[in-house]
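Visitor: Got a structure here, written out as C-alpha cells. Questions coming.
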Amino acid sequence: MKLKQFLIGAVLAVSAMSLLAEATARPMGGGRSIGRQSQNVSRMPPAAAPQQAPRQAAPAPAPAPAPAMPPKPASPWKGILGGALLGLGIGALFSHFGFGSALSGILGSVIMLALLAGVVVLLFRLFSRKSAPVMAPAGYSGNNGDANNNAYAAQPVPASTTPEIGSRLAEAPAAAHTPWGVPADFDAASFLRVAKGNFIRLQAAWDKGDVADIREFTTPEVFAELKLQITERGVQKDYTDVVSIEAELLGIETSNNEYLSSVKFSGTIKPAPDALAEPFNEVWNLVKPVSGNGGWLLAGIQQLEQHA
Amino acid sequence: MTNTTHFGYKTVAEDEKVREVAKVFHSVAAKYDIMNDVMSAGLHRLWKTFTIAHAGVRPGFKCLDIAGGTGDLAKVFAKQAGPTGEVWLTDINESMLRVGRDRLLNRGLLTPTLLCDAEKLPFPDNYFDRVSVAFGLRNMTHKDVALKEMRRVLKPGGKLLVLEFSKVAEPLQKPYDLYSFKVLPWMGQKIAGDAESYRYLAESIRMHPDQETLKTMMQDAGLERVQYYNLTAGVAALHTGIKL
C-alpha cells in the first residue's frame, strides 16, 4: 500500500517536473503572440494540416496529388481521368464481390491497371516536382497571384477593421494556401531563405540574450518586449536548437506606408541539448517601409490556433 | 596553352574539362542525393559516416568542406563544431551549392557557403583544423595543385580527409565493371533522365588514381602520416594526412 502510494506520488512528481521543463523551454518570444498581428492570418482556417484538409472537389476519391499543387491549371484532365479510372475500379470491385460474374477477371485487371496508372502518375509527379527548383510560392504568384494582387491593390485591406465575414469566405477555400497580395515579381524563394536564416539567427541571439543582435532585426516594439522577457529570465540562458525548419509565405499586406508580410515557420526544435525535438508552428509578421531602403524587421509573432 | 587532361575516357583541353564537369553536376544536382542512394545502395552514407568519425571534429573547430555539394559532411561538422566553431561549405558548382545551402538552412544551420575553386582557395594559410573533400578530388583538373592548396590552408596539426572512389579489389573487378558501365548509365537514364553524366561518373572513377598513387600524391603535396582505409572492398577509400 505504502509502496503503491509512493509510486503514484513519484510518477506524479516526475510528470509535473517534465511539464515544468517543457514550460520553461520555449522559442523566442516565449511561445506567445507579441507585437503586430495580421488579420489575414487570424482569419485563416485553423487547419492543422492545411495541405490536405480543404477543398476536395468533384473527384473526391482521387488520391493526394491533385490538392497538393493547386497552381497548375493544366491538370484538370488528369484529375478527371484519375477519378473516372478510380470510379471504374470501385464499380468493378462491387460487381466483383456482388455477382462474381465471368467478367470479374477482366475487372480485376482493370483495377490493377488503374492502380498502376495511379502509381506511375504519382511517381512521375514526384520526380518532376523534385526536379523543378523548390520554389512553390513563386509559382503560386506567377499563376494566380496576379488577379489577387490587382484586386487587393484596388481595395487595400485596412488592418484594423473587423473583417466582413462573407467577403473573404467566397475565396477562403482556395485562399487556404494561396498567398494574399504577393506581387507577381516578388522573389519569394530568396525572401523565405533569408527569413529562415534570420529565424535561426534570432533564436541563437535569444538563447544567448544577445540584445544587440535582436535589435538589428526587430521593430522597437518587439525589441522592447523581447528585452523585457530576457531581463525577466535573468542570467539563465535559454536553449533552442532548430532541428528542422520550413518557411511559407502566407501573404503580404500593404498598409500605413508599410508592407506587412506574414511568414509561417514550422519544423522542430530541441528545447534542451538532450531533449527530443518538438514541433513548432508560428507566424512571424515582418514589416518593411514602402519607400526608402529599410530592410524587413520582425514586427510581431503570431501563434496559430492549435487544432492538432 | 593547350594542355590536355582526361574527362572520363575522353581527352579534352583543360578548360573544357572544367566546363564539362560543371555541366555534369548542373545536370544531376537536383537528383544527386536520390541517385547516390540508389546507385550505392545507401553505402555512400556509411562511407561518409566513417569519414566523419575519422575527422573527429570537436567544438570550436574550423572546418572546410571542399566540393561539399549537398552538404552531407558540412551538416554534421557544423553540429559538432557548435556555435564556437566555423564550418565552410564550398563547391565549385553553383547548382550543387544551392542545394546544399538550402538543405543546411532547413536543418537550422547557418554556415558560410562559398562558391570557390579548390585549386585557388580564398583562405589564409594555417586557418583550418580539418579540410575534407568527399567525392570531389576526382573531378579536379589539377589534383596536385588542389592538394597543395588544401595543405596550405590547414593549421599545423590539422588533418586532411579525402573520401573518393578507388580501385576495387581484384575478385570484384568484373561485376563492378559490369555494374558501373551497364547498370549505372541505365539507372541514370531512368531516374535522372541523363545517362551521359553517369557514364562520365563511371569513367572518371576508372581514371582516378588508385589507393597507393593517391597516397603518394598526398605525400608529394607535403602531407605527413598519410594512410588510407579501403571501404567496401576498395569501391571507395578514405585517405587521411596531417600537416606537420
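The values are calculated or read from the model by the stated rules, or taken from the named source; none is laboratory data. All of these numbers come straight from a predicted model, not from anything done at the bench. Don't worry about glycine lacking a Cβ; one is built from the backbone with ideal geometry, like all the others, and counts go over all protein chains shown.
Visitor: Which members of segment A:217-240 meet the condition of being within 14 Å of another protein chain (Cβ to nearest Cβ) and surrounded by fewer than 18 Cβ atoms within 10 Å (Cβ to Cβ)?
Guide: The answer is A:Lys237, A:Tyr239.
Visitor: Output the residues belonging to segment B:100-144 that are in a helix (DSSP H, G or I), away from chain A (no Cβ under 14 Å) and crowded, with 18+ Cβ neighbours inside 10 Å.
Guide: B:Leu137, B:Arg138, B:Asn139, B:Lys143
Visitor: Identify all residues within segment A:217-241 that are without any contact (Cβ under 8 Å) to a residue 40 or more places away in the chain and hydrophobic (A, V, I, L, M, F, W, C); write none if there are none. Before you say what the answer is, go through the steps one by one.
Guide: Narrowing segment A:217-241 to residues without any contact (Cβ under 8 Å) to a residue 40 or more places away in the chain: A:220, A:223-224, A:227-228, A:230-237, A:241.
A:Phe223, A:Ala224, A:Leu228, A:Ile230, A:Val235 - these are the residues of segment A:217-241 that are without any contact (Cβ under 8 Å) to a residue 40 or more places away in the chain and hydrophobic (A, V, I, L, M, F, W, C).
Visitor: Counting only residues that are under 20 Å from the mean Cα position of the chain (by Cα) and either buried (at least 17 other Cβ atoms within 10 Å of the Cβ) or away from every other protein chain (no Cβ under 14 Å) (or both), how many does segment A:257-267 have?
Guide: 7
Visitor: Given the condition within 14 Å of chain A (Cβ to nearest Cβ) and closer than 30 Å to A:Glu278 by Cα, answer yes or no: does some residue in segment B:47-59 qualify?
Guide: yes
Visitor: Right, B:Ala74: assigned to a helix (DSSP H, G or I) and within 28 Å of A:Gln203 (Cα to Cα) or not?
Guide: On the way: assigned to a helix (DSSP H, G or I): yes; within 28 Å of A:Gln203 (Cα to Cα): yes.
Spelling it out, B:Ala74 is indeed assigned to a helix (DSSP H, G or I) and within 28 Å of A:Gln203 (Cα to Cα).
Visitor: A further question on this structure: For B:Phe50, work out the one condition from (1) of a type outside the set (Val, Ile, Thr); (2) in contact with a Phe, Trp or Tyr (Cβ under 8 Å, 6 or more places away or on another chain); (3) under 21 Å from B:Ala195 (Cβ atoms) it doesn't fulfil.
Guide: So the condition that B:Phe50 fails would be (3).
Visitor: Among the residues of segment B:85-99, write down those that are crowded, with 18+ Cβ neighbours inside 10 Å, closer than 11 Å to B:Ala67 by Cα and more than 14 Å from the chain's Cα centre (by Cα).
Guide: Within segment B:85-99, just B:Trp88 meets the criteria.
Visitor: Can I ask one more? Just the residues that are within 14 Å of B:Gln189 (Cα to Cα) and away from every other protein chain (no Cβ under 11 Å), please, taken from segment B:22-31.
Guide: If the condition is that a residue be within 14 Å of B:Gln189 (Cα to Cα) and away from every other protein chain (no Cβ under 11 Å), then B:Val24 is the only one that fits.
Visitor: Only one of these is touching a helix residue (DSSP H, G or I) at 6+ places or on another chain (Cβ under 9 Å), among the aliphatic types (A, V, I, L, M) and modelled with pLDDT under 90: A:Leu298, A:Leu276, A:Leu304. Name it.
Guide: The unique qualifying residue is A:Leu304.
Visitor: Only one of B:Lys155, B:Lys182 is more than 20 Å from B:Thr51 (Cα to Cα) and more than 18 Å from the chain's Cα centre (by Cα); which?
Guide: The match here is B:Lys182.
Visitor: Now, a different point. Being in contact (Cβ under 8 Å) with a residue 12 or more places away in the chain, surrounded by fewer than 17 Cβ atoms within 10 Å (Cβ to Cβ) and more than 14 Å from every other protein chain (Cβ to nearest Cβ) is the filter here, so list the residues in segment A:205-216 that pass it.
Guide: Answer for segment A:205-216, where residues must be in contact (Cβ under 8 Å) with a residue 12 or more places away in the chain, surrounded by fewer than 17 Cβ atoms within 10 Å (Cβ to Cβ) and more than 14 Å from every other protein chain (Cβ to nearest Cβ): just A:Val211.
Visitor: Condition first: surrounded by fewer than 16 Cβ atoms within 10 Å (Cβ to Cβ), over 16 Å from the mean Cα position of the chain (by Cα) and basic (Lys, Arg). Can you find one or more residues in segment B:48-58 that meet it?
Guide: Yes: one or more hits.
Visitor: Continuing with this model, one more query. Output the qualifying pairs, or none if there are none: Cβ atoms under 6 angstrom, residues six or more apart or on different chains, first residue in segment A:242-256 and more than 14 Å from chain B (Cβ to nearest Cβ) and at positive phi, second residue part of a strand (DSSP E or B) and of a type in the set (Phe, Trp, Tyr).
Guide: Partner pairs satisfying both residue conditions: A:Gly251/A:Trp180.
Visitor: Evaluate segment B:221-232: report whether one residue or more is surrounded by 14 or more Cβ atoms within 10 Å (Cβ to Cβ) and farther than 21 Å from B:Leu160 by Cβ.
Guide: Yes; the residues of segment B:221-232 include at least one that is surrounded by 14 or more Cβ atoms within 10 Å (Cβ to Cβ) and farther than 21 Å from B:Leu160 by Cβ.
Visitor: Name every residue in segment A:232-287 that is polar (S, T, N, Q) and under 24 Å from A:Ser190 (Cα atoms), in order of residue number.
Guide: The answer is A:Ser244, A:Thr254, A:Ser255, A:Asn257, A:Ser261, A:Ser262, A:Ser266, A:Thr268, A:Asn281, A:Asn285.
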